1. So, in the range 134-154, how many residues would count as being surrounded by 24 or more Cβ atoms within 10 Å (Cβ to Cβ) and out of contact with any helix residue (DSSP H, G or I) (no Cβ under 9 Å at 6 or more places or on another chain)?
2. Name the single residue that is farthest from D476 (Cα to Cα) among those in the range 390-431 being in contact (Cβ under 8 Å) with a residue 40 or more places away in the chain and of a type in the set (V, I, T).
3. Among the residues of the range 261-298 satisfying the criterion of being touching a strand residue (DSSP E or B) at 6+ places or on another chain (Cβ under 7 Å) and assigned to a helix (DSSP H, G or I), which is farthest from ligand 2 (Cβ to nearest atom)?
4. Take V34 and tell me if it is at pLDDT 95 or above and either more than 15 Å from ligand 1 (Cβ to nearest atom) or of a type in the set (V, I, T) (or both).
5. Could you please give the count of residues in the range 300-316 that are in contact with an Asp or Glu (Cβ under 7 Å, 6 or more places away or on another chain) and open to solvent by 40 Å² or more (accessible area, probe 1.4 Å)?
6. Which condition number does T161 fail, the rest of (1) away from ligand 2 (no atom under 16 Å from the Cβ); (2) assigned to a helix (DSSP H, G or I) being met?
7. With the condition kept exactly as written, say whether any residue in the range 36-44 is within 23 Å of A182 (Cβ to Cβ), more than 16 Å from ligand 2 (Cβ to nearest atom) and of a type in the set (A, V, I, L, M).
8. Being farther than 20 Å from A373 by Cβ, in a strand (DSSP E or B) and open to solvent by less than 10 Å² (accessible area, probe 1.4 Å) is the filter here; which residues of the range 167-208 pass it?
Amino acid sequence: MSTEINAPDDVVIGIDLGTTNSLAAVMTPDGPRVLMGADASPLIPSVVSFLDNGEQIVGRPARAMAVSNPRRTVHSAKRLMGRGLEDLGDETDKLAYRIVDGGSSKLVRVAIDERTYTPQEISAIILGEVRRVAEAALGHAVQKAVITVPAYFDDAQRQATRDAAQIAGLTALRIVNEPTAAALAYGLDTSREGTVVVYDLGGGTFDVSVLKITQGVYKVVATAGDTHLGGDDFDNAIMARIMDLVQERTGTDLTAQPEALQQIRLSAEALKQELSDKTEVKLEIDLGADEPALFTLTRTEFEDLIRADLERTIACCRSALADAGVQNDAIDEVVFVGGSTRIPLVRQLVKDALGREPHTELDPDRVVALGAAIQADVLAGGTKDLLLLDVIPLSLGIETMGGAFSKLITRNSTVPCQAEELFSTSVDNQTGIDINVYQGERELVADCRQLGAFKLTGFPAMPANLPKVAVTFLVDADGVLTVTAREQRSGVEASIDVVPSHGLTRDEVRGIVRESIVHAHQDFAARELVELRNKADALVRGTRRVLDLPELPVPEATRAELEADLVALQALAAGDDLPALKAACQSFGDKTQTLADDYIGAAIKVELNRHASETKS
Ligand code: ADP
Ligand code: MG
């Protein structure tokens with residue numbers, strides 16, 4: 001069978017833009033497949049780190065800097081998407097980097113040194129990396145994607161996700177709910193009605209969703225969760241144990257040693273993951289003493305550390321099921337999502353509580369991306385026998401007398417959809433009304449989020465209650481809301497396309513995109529220069545080391561020539577003539593290649609001898 005995929009032009013990838021990890025998948029004739037990075041893993045940690053020299057690094061190397069470069073390493077940007085300072089509350093205290101008020105957009109920004117970034121820009125850097133990995137894996141350009149978001153994301157958060165994609169040069173054809181994507185990946189039978197519980201325990205968040213599937217229409221009927229519960233907490237619990245051991249053995253408090261903490265954090269996570277397969281793990285910690293300290297942890301001990309957290313996830317499941325009016329025996333399937341569901345105790349507790357064996361056949365940290373790839377294929381015109389409709393996550397309506405919220409379209413309606421209602425005036429001789437559009441589930445607009453506002457003016461003065469104003473809400477298949485108001489006696493009409501007021505304006509997004517294109521060349525050149533300087537530095541040091549080996553018979557003429565080249569190379573590395581530095585690195589590299597080949601054997605021998613004599617003394 002051929003493994004060709006869609007022609008490059010119309011390929012649409014699926015992207016799981018996660019709080020902890022992001023990845024892409026694409027449809028192939030053999031089904032959806034994740035796209036692997038150079039490190040043979042599809043997972044890209046959703047972390048961006050900004051270095052002193054202005055360089056940005058993304059993914060695994062950035063994550064390795066979370067503790068050593070905390071104020072410039074941005075993780076969990078997803079938590080900030082489409083949010084204002086007041087939405088975040090004390091959330092910002094938990095982040096080591098600085099969050100500032102974004103001014104007119106009402107959105108927060110991340111402050112790194114003198115610059116600030118919107119969360120969309122940070123997410124765009126991550127999406128850019130996902131895109132690069134996808135393009136490298138596929139061997140051609142990628143421009144379109146389906147991106148997943150948590151089911152509870154509101155309009156502003158979804159719009160922010162679209163904006164991030166646009167900044168990264170991707171068109172987000174559709175924003176799909178993560179639990180829906182997971183259910184889709186499992187290809188659950190949609191020909192009949194079914195109830196699916198999606199249990200998603202990731203790195204920093206827990207979400208449970210109850211889905212009802214009716215003839216191919218997926219509706220999220222209830223969600224619950226904890227935005228601060230996940231694998232990170234389990235890592236922290238193990239980390240605390242290790243630090244206790246170190247304190248006990250040496251009296252050293254490692255809290256103020258970022259490098260050590262970083263190392264311990266990574267070890268703690270590795271131990272945790274190993275415990276999903278083994279019943280006991282060991283870690284040797286070098287304390288500089290004669291004997292390294294041995295840290296052991298059994299699975300049972302680990303389970304005791306995390307049991308209370310897991311019980312909380314079960315309580316969330318119960319509350320979501322109660323909200324959905326679903327009893328245990330009405331659950332058809334339970335689907336596991338998120339890397340932390342690999343922990344055996346999670347499976348056991350969920351099975352005991354819901355009375356069903358959860359689906360674990362697919363990799364829990366890939367299943368959302370796989371589902372997104374299926375939806376992407378539907379949009380690209382590949383899969384035809386599947387219809388997936390988005391639903392409106394929060395009710396939409398307008399403000400009426402006394403600040404009441406009058407809903408026109410209720411939560412979970414399937415898009416595209418339309419609703420119309422008649423309103424009137426409350427004061428005599430009113431010739432216009434304000435239409436304030438809100439989104440939310442509460443009764444007063446003060447508790448909901450305003451999406452936009454416009455005025456319908458110029459209708460004839462009439463006694464109160466006489467004008468008949470028909471307000472129409474139309475949500476198209478892309479989730480864009482258009483609100484129209486028409487006074488029926490006079491025919492006066494006004495309308496707006498609602499772009500969430502809580503977010504970037506179209507112009508701002510275009511501005512950021514333009515700026516990133518303008519800067520792209522510059523950024524690229526700056527980065528190349530940094531890389532070349534590093535390379536020159538390595539060449540100089542490497543060659544000096546060989547030349548300085550007293551035992552090596554480098555002919556005097558060669559030595560003099562190389563010394564001169566070294567000085568020239570160092571001078572170029574100190575300047576910023578990129579092409580000249582590039583050429584010099586190239587020719588010096590070629591020249592020393594032979595030298596290196598000739599002397600490497602000798603050098604190794606010398607090193608070995610030296611090592612032997614050092615160990616003897
Ligand atoms: P998110 O949806 O938050 O972006 P993921 O679904 O990728 O994140 O989950 C990441 C979390 O899963 C991390 O805390 C990671 O340590 C954890 N994890 C991954 N593999 C395992 C495993 N084998 N055992 C336990 N936890 C794991
Ligand atoms: Mg996830």
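The values are calculated or read from the model by the stated rules, or taken from the named source; none is laboratory data. This one's a predicted model, so the numbers in the text were calculated from it and none came from an experiment. Cβ atoms come from the backbone with ideal geometry, glycine included; neighbour counts cover every protein chain shown. With ligands, DNA and RNA removed, areas are computed over all heavy atoms of the protein, side chains included. Shrake-Rupley method; radii C 1.70, N 1.55, O 1.52, S 1.80 Å.
1. Residues meeting the conditions: 1.
2. Filtering first and then ranking leaves T425.
3. Taking the range 261-298 and keeping what is touching a strand residue (DSSP E or B) at 6+ places or on another chain (Cβ under 7 Å), we get 267, 271, 274-275, 279-285, 287, 292-298.
Restricting the remaining residues to those that are assigned to a helix (DSSP H, G or I) gives 267, 271, 274.
Numbers: S267: 24, L271: 22, E274: 21 Å.
The extreme case among them is S267.
4. Values: at pLDDT 95 or above: yes; either more than 15 Å from ligand 1 (Cβ to nearest atom) or of a type in the set (V, I, T) (or both): yes.
Yes, satisfied.
5. Pass one, the range 300-316, residues in contact with an Asp or Glu (Cβ under 7 Å, 6 or more places away or on another chain): 309, 312, 316.
Now restrict to residues that are open to solvent by 40 Å² or more (accessible area, probe 1.4 Å): 312.
Of the residues in the range 300-316, 1 are in contact with an Asp or Glu (Cβ under 7 Å, 6 or more places away or on another chain) and open to solvent by 40 Å² or more (accessible area, probe 1.4 Å).
6. So T161 meets the others, but not (1).
7. yes
8. Here is the first cut: in the range 167-208, the residues farther than 20 Å from A373 by Cβ are 167, 191-195, 197, 199, 201, 203-208.
Filter again for in a strand (DSSP E or B), leaving 194-195, 197, 199, 201, 206-208.
Scanning the range 167-208 gives V197, Y199, L201, F206, V208.
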